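Before any comments, here is the structure.
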Amino acid sequence: MGSVHLSYLLLFLTTLGVVLAVSSPDGASDSNWLLRIKSKFVDPYGVLENWSEGTTICTWNGVACSDDHSHIVRLNLSASGLEGPISPEFAHLTSLRVIDLSGNFLNGTIPPALGELHNLEELLLFSNFLTGEIPSELSRLRKLQVLRIGANMLTGQVIPEIGELSELRVLALAYCQFSGKIPNEIGDLKHLINLDLQQNSLSGPIPESIGGCKNLQNFAASNNRIGGHIPASIGQLESLNILNLANNSFSGSIPVELSHLSNLKYLNLFGNELDGEIPFELNQLVQLETLDLSNNNLSGTISLLNTYLKNLETLSLSGNFLTGSIPSNFCARGSSLSLLILADNKLLGNFPLGLLNCTSLRQLDLSGNNFGGMLPRGLDRLESLTDLLLNNNSFTGTIPPEIGNLTNLEDLYLFHNMLSGGIPVEIGKLQRLRELYLYENQLSGSIPRELTNCSSLTCVDFFGNQFSGSLPDAIGRLKNLEILQLRQNELSGPIPPSLGYCRKLQKLALADNKLSGSLPPTFRFLSELDLITLYNNSFSGPLPESLSLLKNLSKVNFSHNKFSGSISPLAGSNSLTALDLTNNSFSGPIPSELSLSKNLTRLRLANNFFTGEIPSEFGQLEELRFLDLSFNNLTGDLAPSLAGLKNLGHFLLSSNQFTGEIPTWLGGIEGLGELDLSFNNFTGTVPAELGNSPKLLKLSLSYNTLSGTIPQELGNLTSLNVLNLQRNNLSGSIPSTLQKCQKLYELRLSENNLTGSIPFEISSLSELQVILDLSKNHLSGGIPSSLGNLVKLERLNLSFNELQGKVPQSLGKLSSLHRLNLSYNHLQGQIPSTFSGFPLSSFIGNDHKLCGPPLLTCSELKGHERIWQLSKAGVVGITVAIVFTSTVICMVLLYIMLRLWCNWKKVTISCSETGGFESKSREGENWVYGEEIKSGQYWNTTSIVSSKEKQISKETCMFHYSVSLSDSTEKPLV
């Protein structure tokens, strides 16, 4: 009886177990594990909201159960926006065959516990933010067919244990950070169809064992660091459709065995280091549709023929060293080739006429070769062509008018050739043309009006040609134009007002032409304009106020024109990054509104007539790196607020009327590379703080009224190339600390009041090349012989000082010297023989104590010195004799002049006492009888008086101003 009860009990327990097993236990346990997994996720979109107790698990989002609803077999939560880690609790869902958590924001590592899911066939974790390495425990998933864990941040190596996944069909590890080698065990994956390893950091060679993956159809390992030779065993993968090994470090030649891949449709070996010739055997790949061998080191001629590769649609061989010409039988009629890129090789010859048979071509790129000759008139046979790139060759002749028949053409690149003539008017037929690049040719004539019919044009670039005439009046019809580059031509006339109707225009470059007139007011419509360059033209007049409406302007260059008036219209854009208005006639104050362009990095306003002070608001331009206000009429001090220009690299204020002291805050600009304050009215001392500018390359403070000494701290400017302090009132000695400026190649300290000797430390400035100018100071002592070490020096000027002693013979080693001035010092002795080629003016004013060519030889100088010493007394005697003789002559002349004056006085008095009649009669007698006077008396001015009168004159005339009447009439005039 007891046994019967025991049997019933066992039967009840078994039945209960079955009921529980069917109705709740596994389902209930799976739901519990899923709820625990849910607790680990962050679910911002509520995808897991219906995962809750009291509902049937098979109705939960992403959950798929077995047919009898007893087990969970599939979990798909892809692209659900989930965040957080992958829970190890997945290991308890042992019935799972598919887990898809791809396209989320999951982080953390891949749990090793997933290796317990022995029924798992597909594991998809790609496109997340998972880190760490591939857990080796995944090798236990012996039923796994698909493993896609790419597009994460996984690191480490591709584990060798992966070869144990014998059922694997898809292995996708792309777009991670895996490193190391591809394991040999990869060849054990006999069922593998898709192997994707691209975009990692894998290195080493591809193992020869890859040939064991007999079913492999897609193999992508591009963008890694894989090197070595391409294994010949790849040729055994007869099922291969895609082989992508681009952007690696493969070397050697292309294996001939690749020609065995009879099913291959896509072969990409771009961007490696392959060399040798292209195997002719690749013509056996009759299924091939895409072949890219570009950017390698391949050489030889083109051996691939479209006549064999009839399915080929894309062929790219650019960036190699291929030579010769393109075979005339390259293309067969009815070819499928749509893209042919042969750019950047060494191909030569005329335009390959065989290509005209490739009538299905849409893109043809022959750029960067050595093709020449004329473009064929039959180009219009390529009627499907959308992109024609023939730039960077040596094509000559004209652009054939037949090009207008390529009505599908969108991009035409003919730049950097030697094309001449004009643009054919037929180009106006190209309604689909978007980009037209003709720059750097020899094209001439006017820009045809028909070009404005190409209404799809977005970019026109005719830079560096010889186009002349005016811009087409109807240019405004190009409503889609974004870039207009016409720089460096010979265009003339004004800018057509219709240009303002190209409302999509972003970049306008009309510089280096002969354009004139003022800017049209229609420019106000160019609201998208970002860049405008008009420099080196003859534009004039004021800027239209409407320019202030162009809020997107970032780069403006109007330099070297004749613009005048205010520049305030350009201050309307807060987007300016570069503004260059040099060499115009702008006037008035500099508008402070420019400070609103917070991203302004370059401001050049030199060579204008600006007045007033630098706006203090400029201190807010923290990004400004180049400020050139030189050659204006600016005044005032440098405001302390300008200390805010912390990123300034070039500060040029020369040739203005600035006053005050040079501010010390300039030394706080760490990036300052060029400081030019020359030709102003600065006073005070040179700030020692300038020595705190470690990047300073040029310091010019010349032609001011600076005083005091040269600061020792300037020696800290170890990057300095140019130091110019000439024409100031600096005093004291030359600081020896300048020897630390080892990169100095120009040093000008002339026209100051410097004293002391020339420091020998200057000779350590081995890069000094342009000039060393210490002239017009009060330097004394000798010339340091160590200056002969400045072997690069080209100009040396020590004139107008008080230097003494001999000229060091070591200066003769200055082989680069081509200008020398040692004049007006107290130098003596023989000058170096290598100085004989310099003019006399280089040595004059040295007390006649220098000798040697071009001066007197030293022996001649000594002889002259003896002569000069012996003849000193003679010189004195001659000087005295000359002075005495000159005195005597002067006295005689004075005596004669006095006698003449006395006689004239006597005659005058006599005539006045005898009356006018007698005087008149004497006058008449003298006129009548003058011929009877003896010739000798005729020229003697004293013969008109008697001898007695002469005697009286000799005795008394010098002391009396008149004589008696009787004496004056004793003898009448004859």
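Against the chain, whose longest principal axis is taken from its Cα atoms, helix 858-870 shows a tilt of about 30°.
For the chain, the longest principal axis of the alpha carbon atoms and the long axis of helix 872-914 meet at an angle near 60°.
Can you pull the Kirkwood radius for region 331-404, inverse mean 1/r over Cα pairs, to one decimal in Å? It would help to have the intermediate numbers written out before the result.
Numbers: mean 1/r = 0.0804 Å⁻¹.
About 12.4 Å for region 331-404.
Using only the alpha-carbon atoms, how far is helix 2-23 inclined from the longest principal axis of the chain? Give it as 0 to 90 degrees, nearest 10. Helix 2-23 sits roughly 40 degrees off the main axis of the chain.
Largest accessible area first, the listed residues Leu77, Leu596 line up as Leu596, Leu77 when surface is computed with a 1.4 Å probe on the assembled protein chains.
Compute and list, largest first, the equivalent-ellipsoid semi-axes of region 498-644 from the alpha carbon gyration tensor, each √(5λ) rounded to a whole angstrom. Please report the intermediate quantities before stating the final value.
Details: eigenvalues 125, 61, 30 Å².
Listed largest to smallest, the semi-axes of region 498-644 are 25, 17, 12 Å.
For the chain, what does the relative contact order come out to in percent, with C-alpha contacts under 8 Å and a separation of six or more? Provide the component values of the computation, followed by the final result.
Numbers: 2643 pairs, mean separation 23.7, N = 974.
The normalised contact order for the chain reaches 2 percent.
Using only the Cα atoms of region 554-620, build the gyration tensor, take square roots of its eigenvalues as a ≥ b ≥ c, and label the shape rounded, prolate or oblate: rounded if a/c is under 1.5, else prolate if a/b is larger than b/c, else oblate.
Details: a/c = 1.86, a/b = 1.28, b/c = 1.46.
Here region 554-620 falls in the oblate category.
For region 538-592, the alpha-carbon coordinates run over 25, 19, 17 Å along the three principal axes, in decreasing order.
Just the number, please: carbon plus sulfur as a percent of the accessible area of the chain, 1.4 Å probe, no ligands or DNA/RNA counted. Don't skip to the answer; put the middle values down first.
Working: 23140 of 43710 Å².
C and S atoms contribute 53 percent here.
Counted without the sites themselves, the longest stretch of the chain free of chymotrypsin sites (Phe, Trp or Tyr not before Pro) in a DSSP loop having at most 14 other beta carbon atoms within 10 Å is 130-938. Loop-resident trypsin sites (Lys or Arg not before Pro) (DSSP state other than H, G, I, E or B) in region 601-686 with no more than 10 further Cβ atoms inside 10 Å of their Cβ are absent.
First check a/c for region 59-198, with a ≥ b ≥ c the square roots of the eigenvalues of its C-alpha gyration tensor; if it is under 1.5, answer rounded, and if not, answer prolate when a/b is larger than b/c or oblate otherwise. Walk me through the intermediate numbers first.
Working: a/c = 1.90, a/b = 1.31, b/c = 1.45.
Oblate, since a/c reaches 1.5 and b/c is not below a/b.
Scaled against the 2.2 N^0.38 Å expected of a compact globular protein of N residues, the Cα radius of gyration of region 302-461 reads 1.00. The calculated 222 nm mean residue ellipticity attributable to helices in the chain amounts to -4000 deg cm²/dmol, summing -39500 (n - 2.57) over DSSP H runs of n ≥ 4 and dividing by all residues. Can you find, among Leu720, Gly644, Asn821, the residue sitting farthest towards the positive end of the charge dipole of the chain, where Lys and Arg contribute +1 and Asp and Glu -1 at Cβ? After comparing all options, I get Asn821.
Since only Leu285, Gly667, Thr611 are under comparison, the one whose Cα sits farthest along the positive direction of the charge dipole of the chain, derived from C-beta charges on Lys, Arg, Asp and Glu, is Thr611. If the only charges are +1 at each Lys and Arg Cβ and -1 at each Asp and Glu Cβ, what is the size of the charge dipole of the chain around the Cα centre, to the nearest 20 debye? Dipole size: approximately 3300 debye.
In this structure, the pairs whose alpha-carbon distance is over 20 Å, taken from Lys143/Lys190; Lys507/Lys551; Lys265/Lys310; Lys479/Lys562; Lys698/Lys776, are Lys479/Lys562; Lys698/Lys776. In the context of the full set of protein chains, the chain has a per residue accessible area of 45 Å² (1.4 Å probe). Of all aspartates and glutamates in the structure, those lying under 16 Å Cα to Cα from Lys740, and not within fewer than 8 positions of it along the same chain, are Glu713, Glu761, Glu767.
The charge dipole of region 423-466, taken about the Cα centre with unit charges on the Cβ atoms of Lys, Arg (+1) and Asp, Glu (-1), comes to about 180 debye, rounded to the nearest 20.
Around Arg748, under 14 Å between beta carbons, what's the net of Lys plus Arg minus Asp minus Glu among the other residues? Walk me through the intermediate numbers first.
On the way: positive: Lys698, Arg727, Lys776, Arg795, Arg819; negative: Asp676, Glu746, Glu751, Asp773, Glu794.
So the environment of Arg748 carries a net charge of 0.
If you take percent of Cα pairs over 48 Å apart from the coordinates, which of (i) 58; (ii) 63; (iii) 28 do you get? Given (i) 58; (ii) 63; (iii) 28, the calculated one carries the label (ii).
What the Cα convex hull of region 577-715 gives, in volume per residue, is 86 Å³. Among the trypsin sites (Lys or Arg not before Pro) found in region 273-375, those both in a DSSP coil and sparsely packed, with 13 or fewer other Cβ atoms within 10 Å of their Cβ, are Arg333, Lys346. Over region 93-150, one equal point on each Cα, no solvent: what is log10 I(q)/I(0) by the Debye formula at q = 0.23, 0.24, 0.25 Å⁻¹? Debye output, listed in q order: -0.92, -1.00, -1.07. Rg and Dmax, both from the Cα atoms of region 206-293 and both in Å, are 11.6, 30.
Placing unit charges on the Cβ atoms only, positive for Lys and Arg and negative for Asp and Glu, gives region 387-459 a dipole magnitude near 160 debye about its Cα centre.
Surface calculation, 1.4 Å probe, protein heavy atoms: Met891 sits at approximately 120 Å² accessible. Look at the dipole of the chain built from charges on Cβ: of Gly572, Asn104, Asn633, the Cα furthest out on the positive end belongs to Asn633.
The values are calculated or read from the model by the stated rules, or taken from the named source; none is laboratory data. Treat the numbers as computed from the prediction; the structure is a model and nothing was measured. All Cβ positions, glycine included, derive from the backbone under ideal geometry; neighbour counts span all protein chains shown. Heads up: the accessible areas ignore ligands, DNA and RNA and are worked out on the full protein's heavy atoms, side chains in. Shrake-Rupley method; radii C 1.70, N 1.55, O 1.52, S 1.80 Å.
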